[in-house]
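Enquirer: I'd like to ask some things about the structure below.
The values are calculated or read from the model by the stated rules, or taken from the named source; none is laboratory data. Values in this document were obtained by computation on a predicted structure and should not be read as measured data. Backbone-built Cβ (ideal geometry, glycine too); neighbour counts: all protein chains shown.
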Amino acid sequence: MKISIVIPCFNERNTIEQIVRTVRTSPVQNLEVIVVDDCSTDGTIEILREKVASLADQIVYQPRNAGKGAALRAGFAAATGDIVLIQDADLEYDPQDYGMLLEPILSGNADAVYGSRFMGGRPHRVLYFWHMVGNRFLTLLSNMFTNLNLTDVETGYKAFRANIVKGLDLRENRFGFEPEITAKLAKTRCRMYEVGVSYNGRTYKEGKKVGWKDGFRAIYAIVRYNLFG
C-alpha cells in the first residue's frame, strides 16, 4: 500500500526540513510526502524551495493563509496513496510511531486511527496543565455527541483509508478541523482505533499556535457538525 503523508505547514522555517527528513527515515516504506504551505511569511517558503523540494514528492503552495484545515483539504486532494496520514510540521509528533499508527489499518481492522497523547506508555513532555484540561473537556464533549470513547480528539496524529477521508465534506479552515472530522467519521460508522503515541509538545515561545479562541471554535464545531452535519 502507498501511504500519503500530508504535512500542513505555516511559519515553520526552523523545523520543516528536519521533519521531512525524519519522515523519510521512518520505518515505513512506500511513502508519498506532501507538504502544504499555508502562505508562510517567515522564510519557510525559501527553505521549501531550496532544501525540501528534493525530499518531498509534492509541495502545494496555498495562495493565501487560510488555516490548518484548509491546508489539509488541499493535501488530501493531492494525495494518491491508499492511506492518508497527517504529520504536523513541527517536531511534536515522532514519525518513528508510524508503524503503531498504521498497523490497525494495514491489518484490515480499522478505517481510521487516532494517535492518542493520553494513553499507552510512550514518553510525553510535561507542559501546560490547562491545555490538558481543555483537551480532555473537548474530547468528553465530542464523545457525548458521537458516542465514541476516544481519549484525544484533538490529536494531530490521524491516519485514514484514503477513500474514507476523501469522501468527507470537510469545511473547517482552522483547528476546528479536529472535532469536525471526528463527527463526520463517526457518522460514517467506520471502524476507528486509537493507539498511544509519544509527544514532544512545545511552548508558545517555541512556536505553538493553538490558542483559547481555537477552543471555543472547537466547541462550536462539535455542536455544529454533530447536530447539523
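Enquirer: So if I check each of 29, 96, which one is touching a residue at least 24 places away in the same chain (Cβ under 8 Å), within 27 Å of residue 120 (Cα to Cα) and surrounded by fewer than 16 Cβ atoms within 10 Å (Cβ to Cβ)?
Expert: 96
Enquirer: Residues being at pLDDT below 95 and closer than 18 Å to residue 93 by Cβ: count how many of those fall in the stretch 156-191.
Expert: 2
Enquirer: Being aromatic (Phe, Trp, Tyr), out of contact with any Lys or Arg (no Cβ under 8 Å at 6 or more places or on another chain) and not in a helix (DSSP H, G or I) is the requirement here; does residue 175 meet it?
Expert: No, not satisfied.
Enquirer: Cβ-Cβ under 7 Å, sequence separation 6+ or interchain: first residue in the stretch 183-194 and farther than 13 Å from residue 158 by Cα, partner hydroxyl-bearing (Ser, Thr, Tyr). Which pairs?
Expert: As it stands, the answer is 183/146; 183/225; 184/225; 186/146, since those pairs meet every condition given.
Enquirer: Which of the strands (runs of 3 or more DSSP E) contained wholly in the stretch 37-122 include at least 2 residues that are under 17 Å from residue 178 (Cβ atoms) and under 18 Å from the mean Cα position of the chain (by Cα)? Outline the logic, then answer.
Expert: On the way: elements: 58-61, 83-86, 112-116.
Hits in the stretch 37-122: 83-86, 112-116.
Enquirer: Quick one: in the stretch 121-142, which of the residues that are out of contact with any Ser or Thr (no Cβ under 9 Å at 6 or more places or on another chain) and closer than 22 Å to residue 186 by Cβ is surrounded by the most Cβ atoms within 10 Å (Cβ to Cβ)?
Expert: Here the answer is 138.
Enquirer: Next up: Just name the residue that is farthest from residue 68 (Cα to Cα) out of those in the stretch 209-229 that are β-branched (Val, Ile, Thr) and at pLDDT 90 or above.
Expert: Ranking the qualifying residues of the stretch 209-229, first place goes to 223.
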